[in-house]
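The values are calculated or read from the model by the stated rules, or taken from the named source; none is laboratory data. From a predicted model like this one, the values you see are computed outputs, not experimental measurements. Reconstructed Cβ throughout: ideal geometry from the backbone, glycine too, with neighbour counts over all protein chains shown. SASA here: full protein model, heavy atoms, side chains in, ligands and nucleic acids out. Shrake-Rupley method; radii C 1.70, N 1.55, O 1.52, S 1.80 Å.
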Amino acid sequence: VAFGPRWQSLDKVWTSGQQVLGQLRLPAAFARDVDDHRLHPALLDVAFGCGIRMLSDGATDALFVPVGCDEVLVSGRLPAEVWTHVALRHRDETSRLHTLDVTVTSPEGIVLVELRGLQLFGVLGGFAGGHGAAAPQKAPLAPARHAPSPVGAPVPRIQAILTRGITGPEGMLGLERA
């Protein structure tokens, strides 16, 4: 999986047991993006992506996709520099469904976003991209976003699911069937 330049925002990362602390900063060329995005997608993606270090066992081609979140709390706009704290809540190698708690703060320590019970599904297969081996800094750690394919209106069953949302386990089953 190849990651775009906005995803090259990880400055520093520290791991300790079942916790990760990361310092993120959008590259200077994209710092003004935060004027248009209350929650910059690359920063948020890399913020929880720091936790993938705890799940991937050092593999540089691991891919984990978000399939659910118990609670999302947003109390402020993300600036171009943030800190992230990721704690491993649950790891299940059998189902490949893992749960993290993610807190994103300003450089001053003010909590801006909390993702409580973020469920990530470990997708099987090699996903090595053009970025080579993981580097200690500037490593793209989260899944890339792909442009959606044009499709028709959802079938009634899918429409019903979309209106009520799906749980993490339901999302995992959908990925298994795909």
> Per residue, how much accessible area does region 1-80 show when a 1.4 Å probe rolls over the protein heavy atoms, in square angstrom?
Replying inline: 48
> FRET efficiency for V111 and D61, Cβ-Cβ distance as r, R0 = 30 Å, nearest 0.05?
Replying inline: 0.40
> Of A31, L44, V86, which is farthest on the positive side of the dipole of region 1-90, counting Cα position, with +1 on Lys and Arg Cβ, -1 on Asp and Glu Cβ, and the Cα centre as origin?
Replying inline: A31
> Does a label point 7 Å from the Cα of A31, set along Cα-to-beta-carbon, have any residues of region 77-118 with amide nitrogen under 19 Å, and which are they?
Replying inline: 77-84, 105-109
>> Given a 1.4 angstrom probe, I'd like the percentage of the accessible area of region 80-123 that is carbon and sulfur, rounded to a whole number.
In response: 55
